[in-house]
Amino acid sequence: MLGVTAGMVLGVPITNFIANETSIEMAMVFFAVVNAVAFIATWLFIPSMHVTEKLSYGAQLRVLKKPIIWLAIAAVVLLGSAGASVSSYIAEYLETITHISGKMLSLTLFLYGLASLLGNLIGGRLLSKNPMRTVVTYPIVLGLFLSGMGTRYIVLGGIIFLVFSLLAILLRMYMYRPTKQHSR
């Protein structure tokens, strides 16, 4: 997912900028060239993985018996869907509600992409460290934040953002606190 986010960080704002400055066709040409370069780089520089031990299909499917795998799959599907949904409509939302357009919109999308990239890094670490706590707590904090996203008032939006930031800091402190180790 980090590669997708990194692509969104650069791809969406740059493509939006090119479309605003030239045409949608030129933006799509840029998009096609970048994807072709990424494909060729992957083909040339990512080594193939040789099979060291052949596993039966049953052995490969046994991993699906672990609840943490299903939790991870659900988290990836839901977060990926949410991210794709936001990416699909954020530019129009920003233009319509906040009246941001042109170069400022490209900059805003770039900053959004950087925040998404940082969120992916932090989220990955949190999921690795304590998956259950992260998956349970994240939707609550996100819901609190999103409850203020529809506002047209900058001051109210700023207050909601500050509250969300404080909650995120508290959540981070809560998630990184030492937990009791159970002996087996």
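Read-outs throughout are calculated quantities, based only on the coordinates presented, and are distinct from any laboratory measurement. Just so it is clear, the structure is predicted and the values come from calculations on it, not from any experiment. Using ideal geometry, Cβ is built from the backbone for each residue, glycine included, and neighbour counts are taken over all protein chains shown.
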Separation of the residue 136 and residue 36 label points, Cα + 7 Å toward Cβ, nm: 5.2 nm
FRET efficiency, residue 46 to residue 20 (Cβ-Cβ, R0 30 Å, nearest 0.05): 0.30
Distance in nm between pseudo-label sites at residue 95 and residue 64 (7 Å out along the Cβ direction from Cα): 4.3 nm
For 122, 14, order by how many other beta-carbon atoms lie within 10 Å, fewest first: 122, 14
